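Reading through the structure tokens given below for one structure.
The values are calculated or read from the model by the stated rules, or taken from the named source; none is laboratory data. Keep in mind that what you see is a predicted model, and the values were worked out from it rather than measured. No Cβ is skipped: glycine too gets one built from the backbone with ideal geometry, and neighbour counts run over all protein chains shown.
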Amino acid sequence: MIAVDLGSNTIRFVEFDGIKWGRSFEKIVRTAEGLHETQRIGSHAIERIVAAIAEAREHLDFSSQAVVAYTTAAMRLALNASEAIDAIEAGSGIRFIPIDAQKEASLTLSAVRYRLHKLGMKAEPFILADIGGGSTELIRYENGQSSAISLDTGIVTLSERADSDVALQKRIDDFKNDVRASLDRTEAAFVLTAGTPTTIAAYLNGMDYETYDPERINGYRLRLEECYRVYDELLAMDEDDRVRYVGVGRENLIITGILMVTALYETLGCEEAIIIDDGLREGIALEYYTAQDSK
């Protein structure tokens, strides 16, 4: 099967046969571009999504596999979500199902736990943070139980709301306050997934956007001091150089993303986090085969 995760900034695809992960593909589509101002998914975003699906068809075999496609925060927030989903289906043949924040958190947690198990890493209890384009999911897992909260702050939406360095810092401070109010700081491991922390880890391991290898990222222990260093080095680059490491369309967003990552470390009092590449798309695939097995 092919699992598809349409987020607020990126669309991600992966093949899975219930045992082995196959080919994957992702593309930055900026679904949430302008959403803060218009409360709508724009026509250009829809065109980018349809084009990305067409490109994915060149890499993955859609003709002989089931496709399960979910979409998250941007579609939850958009007033024209139904029309946008219809337009994407008309242009691509794929029908996206919008899911709520609790299901998004649950599927992401499932994927992260699966990967930690495969890595032989015991990290319980842990706090999992998934910083997306339109929202941030915070999940505490302990003794087989989880609790999750979704903050209406993501890299794209925060960037669009901040039109100056002063405004950006104010938004980061507000984000810290929201995190502080949402989670207690009792002893727990810290786990990070999503594009920003994996990009930081890749940069530290000598990879750029084109040479990214999730096998070298999964399980990487990222220290707060390394986040500060990568922030300074990426900020000092011009946009063309930064694109090499973070991809087209993320060259400015990555700065906001790293500020959000470091805000989490600082608020939770953590010096180190375990980085996991797996996220919602892998959770979608695992859910599909769990349902197949129960039939």
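For residue 242, the test of being at pLDDT below 90, surrounded by 17 or more Cβ atoms within 10 Å (Cβ to Cβ), charged (D, E, K, R) and not assigned by TED's automatic domain parsing to the domain that holds residue 9 is passed. Among the residues making up the stretch 117-171, a single one is in contact with a strand residue (DSSP E or B) (Cβ under 7 Å, 6 or more places away or on another chain) and part of a helix (DSSP H, G or I): 155. Among the residues examined, residue 55 does not qualify as among the acidic types (Asp, Glu), in a strand (DSSP E or B), in the same structural domain as residue 91 (by TED's automatic domain parsing) and out of contact with any helix residue (DSSP H, G or I) (no Cβ under 8 Å at 6 or more places or on another chain). Within the stretch 21-34, not a single residue is more than 20 Å from the chain's Cα centre (by Cα) and either assigned to a loop (DSSP other than H, G, I, E, B) or of a type in the set (Gly, Ala, Ser) (or both). Scanning the stretch 259-274 for residues that are buried (at least 23 other Cβ atoms within 10 Å of the Cβ) and either without any contact (Cβ under 8 Å) to a residue 60 or more places away in the chain or among the β-branched types (Val, Ile, Thr) (or both) returns 261, 274. Of the residues making up the stretch 231-245, one or more are touching a residue at least 40 places away in the same chain (Cβ under 8 Å) and either closer than 16 Å to residue 126 by Cα or not in a loop (DSSP other than H, G, I, E, B) (or both). I'd like the full set of residues that are under 15 Å from the mean Cα position of the chain (by Cα) and touching a residue at least 60 places away in the same chain (Cβ under 8 Å), limited to the stretch 86-129. Answer for the stretch 86-129, where residues must be under 15 Å from the mean Cα position of the chain (by Cα) and touching a residue at least 60 places away in the same chain (Cβ under 8 Å): 104, 106, 107, 108, 109, 110, 111, 112, 128, 129.
Considering the stretch 245-288, the residues that are of a type in the set (Phe, Trp, Tyr) and modelled with pLDDT of 90 or more include one that is farthest from residue 173 (Cα to Cα), namely 288.
The single residue among 94, 41, 11, 46 that is part of a helix (DSSP H, G or I) and either more than 23 Å from residue 278 (Cα to Cα) or out of contact with any Cys (no Cβ under 8 Å at 6 or more places or on another chain) (or both) turns out to be 46.
Residues in the stretch 213-223: is at least one assigned to a helix (DSSP H, G or I), of a type outside the set (Lys, Arg) and surrounded by fewer than 20 Cβ atoms within 10 Å (Cβ to Cβ)? Scanning the stretch 213-223, I find at least one residue that is assigned to a helix (DSSP H, G or I), of a type outside the set (Lys, Arg) and surrounded by fewer than 20 Cβ atoms within 10 Å (Cβ to Cβ), so the answer is yes. Determine if the stretch 277-286 includes at least one residue that is surrounded by fewer than 22 Cβ atoms within 10 Å (Cβ to Cβ), touching a residue at least 60 places away in the same chain (Cβ under 8 Å) and closer than 23 Å to residue 100 by Cα. Yes: the stretch 277-286 contains one or more residues that are surrounded by fewer than 22 Cβ atoms within 10 Å (Cβ to Cβ), touching a residue at least 60 places away in the same chain (Cβ under 8 Å) and closer than 23 Å to residue 100 by Cα.
Within the stretch 144-172, if we keep just the residues that are out of contact with any Ser or Thr (no Cβ under 8 Å at 6 or more places or on another chain) and within 18 Å of residue 107 (Cα to Cα), the residue that is surrounded by the fewest Cβ atoms within 10 Å (Cβ to Cβ) turns out to be 144.
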